[in-house]
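K.L.:
Below is a structure I'd like to ask you about.
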Amino acid sequence: LKNAKEEKSLNLLTQIYHDEITHVESGLKWFKYVCREIDIQDPIKHFHRLVRERFDGKLKPPFNDSARLQAGMTEEWYLPLAKCK
């Protein structure tokens, strides 16, 4: 988009990108908080169980690993749920 001089579209997508990082960061924070409040010892294991119960299929790569990491979501949260490449 930058090369096509689509600055307005590029700016919107950049804002959405940063908003999604914040969204994931906030969700992860609250998920961990709730797990502590209800005495769940391993939030990652609990997350995997919930995803497998409620969603059909596997997560599909590619993943934006650097953005997820920036949000505090390490690979251990999502790679075990992913479809092999």
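K.L.:
Hey, of (i) 51, 31, 20; (ii) 44, 22, 17; (iii) 66, 14, 13, which did the structure itself give for Cα extents along the principal axes in Å when calculated?
P.N.:
(i)
K.L.:
How many lysine pairs does region 9-85 hold where the Cα atoms are under 16 Å apart and the two sit 8 or more places apart or on different chains?
P.N.:
Here the count comes out as 7.
K.L.:
With the Cα gyration tensor of region 14-56 giving a ≥ b ≥ c as the square roots of its eigenvalues, does the rule (a/c under 1.5 for rounded; else a/b larger than b/c for prolate; else oblate) give rounded, prolate or oblate? Provide the component values of the computation, followed by the final result.
P.N.:
Working: a/c = 3.78, a/b = 1.57, b/c = 2.40.
Oblate shape, in that a/c is at least 1.5 and b/c is the bigger or equal ratio.
K.L.:
Using modelled amide H (1.01 Å from N, peptide plane; none on Pro or chain starts), what sits under 5 Å from the amide H of A82, excluding residues fewer than 5 places away?
P.N.:
L59
K.L.:
Taking the highest mean first, how do the peptides 46-53, 35-42 order by number of other beta carbon atoms within 10 angstrom per residue?
P.N.:
Peptide ranking by packing, descending: 46-53, 35-42.
K.L.:
What do you get for the angle between helix 43-54 and the principal long axis of the chain? Use alpha-carbon atoms, 0 to 90 degrees, nearest ten.
P.N.:
For helix 43-54, the angle is close to 80 degrees.
K.L.:
Further, regarding this structure: Report the local net charge at G72: Lys and Arg +1, Asp and Glu -1, summed over other residues whose C-beta lies under 11 Å from its C-beta.
P.N.:
Every neighbour counted, the sum reads +2.
K.L.:
Once phi is turned into ³J(HN,Hα) by the Karplus curve 6.51 cos²θ - 1.76 cosθ + 1.60 with θ = phi - 60°, what whole-Hz value does each residue of region 11-20 show in order, with x for glycine and proline?
P.N.:
5, 5, 5, 5, 5, 4, 4, 5, 4, 5
K.L.:
On the protein heavy atoms, probe 1.4 angstrom, tell me the percent of accessible surface of the chain carried by carbon and sulfur.
P.N.:
55 percent
The values are calculated or read from the model by the stated rules, or taken from the named source; none is laboratory data. The structure presented is a predicted model; accordingly, all values stated were derived computationally and were not measured. Using ideal geometry, Cβ is built from the backbone for each residue, glycine included, and neighbour counts are taken over all protein chains shown. Keep in mind that these areas ignore ligands, DNA and RNA; they rest on the heavy atoms of the full protein, side chains included. Shrake-Rupley method; radii C 1.70, N 1.55, O 1.52, S 1.80 Å.
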